[in-house]
Amino acid sequence: MADNNLRIVVEKNPSESKLSELNIKCWPKWGCSPGKYQLKFDAEETCYLLKGKVRVYPKGSTEFVEFGAGDLVTIPKGLSCTWDVSVAVDKHYKFESSSPPPSSSR
């Protein structure tokens, strides 16, 4: 069963002022070629896709979240998922080091 607290948030075409406020151009860059990748996020990640197209399937779910070039995406800490990359990705990213620990009981 998927954990509904671990939701990916996609903001389509954020404004230039928001991007410069976040200082995205100073964030590190990461890219990958098309393929399927198993990922686990140990910290919350915010990323801005310069190019690419991705479908993310949270572990244990058949539903997916799709995003691509021009999208600002927040991926929650603790999410295990499969990235199905159909168009090579080039993105800026930042991990939150100050995220409070999750307050869920397992």
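The values are calculated or read from the model by the stated rules, or taken from the named source; none is laboratory data. If you're wondering where the values come from, they're calculated on a predicted model, not measured in any experiment. All Cβ positions, glycine included, derive from the backbone under ideal geometry; neighbour counts span all protein chains shown.
For the list (1) in a helix (DSSP H, G or I); (2) at pLDDT below 95, I need the number of the one condition that Ser17 fails.
Of (1) in a helix (DSSP H, G or I); (2) at pLDDT below 95, only one is false for Ser17: (2).
Which ones in region 50-63 are within 13 Å of the chain's Cα centre (by Cα) and closer than 20 Å to Lys77 by Cβ?
Once the filter is applied, which keeps residues that are within 13 Å of the chain's Cα centre (by Cα) and closer than 20 Å to Lys77 by Cβ, region 50-63 yields Val54, Val56, Tyr57, Pro58.
For region 35-99, which strands (runs of 3 or more DSSP E) that fit wholly inside it have 2 or more residues that are crowded, with 20+ Cβ neighbours inside 10 Å?
Because the criterion is at least 2 residues that are crowded, with 20+ Cβ neighbours inside 10 Å, the strands (runs of 3 or more DSSP E) in region 35-99 that meet it are 45-58, 71-75, 80-95.
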